[in-house]
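**Q** Right, I'll just put the structure down here and ask away after.
The values are calculated or read from the model by the stated rules, or taken from the named source; none is laboratory data. Source: prediction; values computed, not measured. Please note: Cβ atoms are built from the backbone with ideal geometry, for glycine as well, and neighbour counts cover all protein chains shown. These area figures cover heavy atoms from the full protein model, side chains too; ligands, DNA and RNA do not enter into them. Shrake-Rupley method; radii C 1.70, N 1.55, O 1.52, S 1.80 Å.
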Amino acid sequence: ETATGASNEASFHDAIADAYARKQKLMLLFLHIQDYEGYNSFTEEMQFEIFRFFTGVVKKATLFRVTGARLALMFRESDNPDMESTTRKIEEAFARLYDRFHLSFKTVIMESDDEISAHQDYSKFVLFMEDRIPVNTYYHVTEKDKELYKRQQHILGELEDIAAKGDLDDPRVLVFCQPVYHVRKQMYDTAEALMRLAEHENPRI
């Protein structure tokens, strides 16, 4: 995209796949900017300033436009060994942008993950993280965050597969009967059927 100086989402996925194949560790910064009413807001002036600031503070970084008003800054750890200093410079750069444009944002900073890279799941992972963090936050992803995401994806995948097969005897579905106590009658008079997903080893964790 000429306005932002950012490559498109297909290029982002290609870069992830290439780094994964080469066993290279990447640092990824995802930036989601919205206006105060939650709409995507990228004026030409803002696009230029974002590109100038972010690519100016990190060595050999590439900027991508991934989904909607989200940008992804990607760079190799080997090119920027002092990650604490690099991250601080990025946050300071964006703080200057925020002072200038005053638009709400969420920033997710993370190291690439082999499992997420192999499944090209970064777009879904960022949405998962954005739902968990407040507005105007720089959030550094932890290993626990990644584990929670992978577990959620495993559960959703199991439920989708169970629904698609429609097998009433699927061993992954456990059914429990929970009695309901009627306070006025002082007795159990009905019951609820509760379904649970059986705990199986998650191959993606």
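**Q** Starting from the Cα gyration tensor of the range 109-195, take the square roots of the eigenvalues, sort them a ≥ b ≥ c, and report rounded, prolate or oblate (rounded when a/c is under 1.5, otherwise prolate if a/b is larger than b/c, else oblate). List each step's numbers first, then the result.
**A** Numbers: a/c = 4.14, a/b = 1.87, b/c = 2.21.
Note, shape of the range 109-195 comes out oblate.
**Q** Another question about this same structure. How charged is the neighbourhood of Ala72? Take every other residue with its Cβ under 10 Å from the Cβ of Ala72, and add Lys/Arg as +1 and Asp/Glu as -1. Can you show the working numbers first?
**A** Working: positive: Arg65, Arg70; negative: Glu9.
So the environment of Ala72 carries a net charge of +1.
**Q** With the Cα gyration tensor of the range 68-152 giving a ≥ b ≥ c as the square roots of its eigenvalues, does the rule (a/c under 1.5 for rounded; else a/b larger than b/c for prolate; else oblate) give rounded, prolate or oblate?
**A** Values: a/c = 2.01, a/b = 1.29, b/c = 1.56.
Oblate shape, in that a/c is at least 1.5 and b/c is the bigger or equal ratio.
**Q** Still on this model: Which of the peptides 16-23, 187-194, 88-95 is most tightly packed, and how do the rest follow, going by the mean number of other Cβ atoms within 10 Å of each residue? All intermediate terms of the calculation are to be shown ahead of the outcome.
**A** Values: 16-23: 12.8, 187-194: 9.6, 88-95: 16.2.
Answer by packing, highest mean first, reads 88-95, 16-23, 187-194.
**Q** Grab the other residues whose beta carbon is less than 15 angstrom from that of Ile162, score K and R as +1, D and E as -1, and report the net. Before the final figure, lay out each step's value.
**A** On the way: positive: Lys165, Arg172, Arg196; negative: Glu158, Glu160, Asp161, Asp167, Asp169, Asp170, Glu199.
With Lys, Arg at +1 and Asp, Glu at -1, the neighbours total -4.
**Q** With a 10 Å radius around each residue's Cβ, average the other Cβ atoms per peptide and rank 118-124, 99-105, highest first. Before the final figure, lay out each step's value.
**A** Numbers: 118-124: 16.0, 99-105: 13.6.
Result, highest mean first: 118-124, 99-105.
**Q** Moving on. Along the Cα→Cβ direction, 7 angstrom out, place labels at Thr67 and Leu127. What is the inter-label distance in nm?
**A** The answer from the label model is 0.4 nm.
**Q** Roll a 1.4 angstrom probe over the protein heavy atoms and tell me the percent of accessible area of the range 87-181 that is carbon or sulfur. Don't jump to the answer; show the numbers that get you there.
**A** Numbers: 2940 of 5470 Å².
Of the solvent-accessible surface of the range 87-181, carbon and sulfur hold 54 percent.
**Q** If the chain between Ala19 and Lys165 were fully stretched, how many nm would it gain, using 0.36 nm times the residue separation less the Cα-Cα distance?
**A** On the way: separation 146, 0.36 × 146 = 52.56 nm, distance 3.63 nm.
Full extension from Ala19 to Lys165 adds 48.9 nm.
**Q** Excluding residues on the same chain fewer than 8 positions from Lys185, give the lysines whose Cα lies under 20 Å from its Cα.
**A** none
**Q** A further question on this structure: Label-point separation (nm) for Ala10 and Val180, each offset 7 Å from Cα along Cα-to-Cβ?
**A** 5.4 nm
**Q** Within 9 Å, Cβ to Cβ, of Met83, how many net charges do the neighbouring residues add up to if Lys/Arg are +1 and Asp/Glu are -1? Could the numbers behind the result be given before it?
**A** On the way: positive: none; negative: Glu77, Asp82, Glu84, Glu111.
That sum, taken over residues with Cβ under 9 Å, equals -4.
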